[in-house]
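Taken together, the values in this text are just the output of simple stated rules run on the coordinates, not laboratory data. Treat the numbers as computed from the prediction; the structure is a model and nothing was measured. Methodologically, a virtual Cβ is constructed for each residue, glycine included, from the backbone with ideal geometry; neighbour enumeration extends over all protein chains shown.
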Amino acid sequence: MTMDERYSLAFRLYPYQRSADQDANAPVHHPVVVMGGGPIGVATALDLGLQGIPVVLLDDHEGVGAGSRAICFAKRALEIADRYGCATPMIEKGVVWNLGKVFHEDRKVYEFNLLPEGGHRFPAFINLQQPYFEKFLVERVREAQAAGAPIELRGKHRVDAVEVNDDGAVLDVATPEGQYAIRADWLIGCDGASSPLRGMLGLDFEGRVFKDSFLIADIKMTADFPTERWFWFEPPFKSGASTLLHKQPDDVWRVDFQIGWDVDRKEEMKEENIRSRLDQMLGSNVDYELVWSSIYTFQCRRMTKFRHGRVIFAGDSAHQVSPFGARGCNSGIQDVDNLGWKLGMVIRGQAPERLLDSYDDERIHAADENILNSTRATDFITPKSTISHIFRNAVLDLAKDHAFARPLVNSGRLSLPCVYDGTVLNGPDMLPGGPARTRVGSPCPDAPLANGFLLSQLGNDFVLLAICTDAPPLLEEQAIKARTIFVSRSDDISGAFAERYLGDASTAIYLIRPDQHVVARWPSYSEEDVRLALRRATAQE
């Protein structure tokens, strides 16, 4: 049995069931419909459902798709998953890694540590096949449903047509038992890079498609390679112009070969030709099982806007980047993190609809940052001219012995959360000597405290973080509540918290959003200042 078949049997998580909506005389109304059941769609449904907002997810399949696909999940994605309540099984199943090595031909150029400092609950990355990541999200949905969360997952309910109006959308849905229609106040498109929804609305991507091809091979073998990210430029085994090696759970290894643009994809996908490349790399005496393969092309593209009235796009349906750097699924999870609390507040009447314009503002800012980093990585990995190739190899030669050249080596700048510098919801940054890493717009870094890690205490609300100073336990402003977390010097058990949040300051007040980004910071509490910042962060100013 192939790995694809094993995934299909194990992860048929929401098989087709008839819905009461199919027997209704008119389209049944739902506050939110999510189109697409991949990790971004399920995370969106989970985020909203945990807020108590009824949400229906429609998927043309019955669960997790076959093949490992995304495998690298970054620290920030794990922190978000922890807020949803499903990070622990991901960590337990995943392969934890922080270290990467870069090679040129048969020489190691240098190695890097993505999380050299201590005081974090989660590692820089885990490797975990996407079907497992999705499975743990769906299992958390089931737990939430059992506790009363209004989430519905409908497998084999394919959206065939959408009619959008000022109040939402009407969807025509196909099932094994025929067609029906439903009405949604909000429609969230999470239906992947080929997004049928995007096509139905006549929308498209803008950006670049790079003329090169990469062959993915997932193989099951027992090997003594360390749990690290290994990347070769011009590898000595001649299997491709570059090669990437990662370890996954279940003794599965991911290998990416750069194979060029003018290739016969049908020929390259034949098992004997994939094995020929693997044998050159591993040696003909290594026993392995080929469990999944695919060919992809680097694409760095996005929609001009992610929000189109009552229709909002997230994940690959909104933007695409090259896989090197693990910016695809990780960025999509951050889309959900950004969108969920905003849509929840709008639906509950706590914020005006214009709050959702900030989703466009902030996540397009993030998409452009990811596209810039992915484009630079692609240009370095696949030089397009003789001069570019000479420059690339000169940098690699220098980097072996000279630290100044190592930042120029680009085998894929690995995913980091975006800092929303200068975006519309930001308040003032008034903390003299405050650390740059926790400036306004930044995602909050974790830190160990006497009563547990900081991020696990922030939760899903607005929070006032009062450091060595006073503030009210709770502030209410126009139906928005901001609860206070007090941290004293004695709570900072390692000194990491003070380094990350105080810097040269002796006291501080931070206002933090539900997605754990910093709204504003001051040296001391002022009710007027905090109220103004809270109104700005919810688009009421």
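Key figures
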| item | result |
| --- | --- |
| Pairwise FRET efficiency - residue 460 versus residue 111, Cβ, R0 = 35 Å, nearest 0.05 | 0.40 |
| Listed residue pairs exceeding 29 Å between alpha carbons, taken from 108/247; 93/384; 93/481 | 93/384; 93/481 |
| Modelled FRET efficiency - R0 25 Å, residue 348 with residue 526, Cβ distances, 0.05 increments | 0.35 |
| Under 12 Å, Cβ to Cβ, from residue 422 - net charge with Lys/Arg +1 and Asp/Glu -1 | -3 |
| Pairwise centroid distance, computed over Cα atoms, of the stretch 368-405 with the stretch 487-541, Å | 39 |
| Cβ-placed point charges (K, R +1; D, E -1), dipole of the chain about Cα centre in debye, nearest 20 | 600 |
| Counted charge near residue 407, where neighbours are those whose Cβ lies closer than 12 Å (Asp, Glu -1; Lys, Arg +1) | +3 |
| Percent of alpha-carbon pairs separated by more than 17 Å within the stretch 331-406 | 63 |
| Modelled FRET efficiency - R0 51 Å, residue 486 with residue 20, Cβ distances, 0.05 increments | 0.60 |
| Filter on 75/238; 101/342; 211/266; 75/135; 266/400; 156/266 - keep pairs with C-alpha separation over 28 Å | 75/238; 101/342; 266/400; 156/266 |
| Neighbour net charge for residue 198 - beta-carbon separation under 10 angstrom, K R +1, D E -1 | -2 |
| Percent breakdown of C-alpha pair distances by 5 Å bin, ordered from the shortest bin, for the stretch 35-111 | 3, 11, 17, 19, 17, 12, 7, 6, 5, 3, 1, 0 |
| Cα centroid separation, the stretch 8-60 to the stretch 282-311 (Å) | 25 |
| Shape category assigned to the chain from the gyration tensor of Cα positions, a/c cut at 1.5 | oblate |
| Debye log10 I(q)/I(0) for the stretch 436-537, one point scatterer per Cα, at q = 0.11, 0.18, 0.24 Å⁻¹ | -0.28, -0.78, -1.47 |
| C-alpha center-to-center spacing [the stretch 123-148, the stretch 153-169] in angstrom | 25 |
| For the stretch 436-537, size of Cβ-based charge dipole, Lys and Arg +1, Asp and Glu -1, in debye | 260 |
| For the stretch 436-537: relative contact order, % (alpha-carbon pairs under 8 angstrom, 6 or more apart) | 33 |
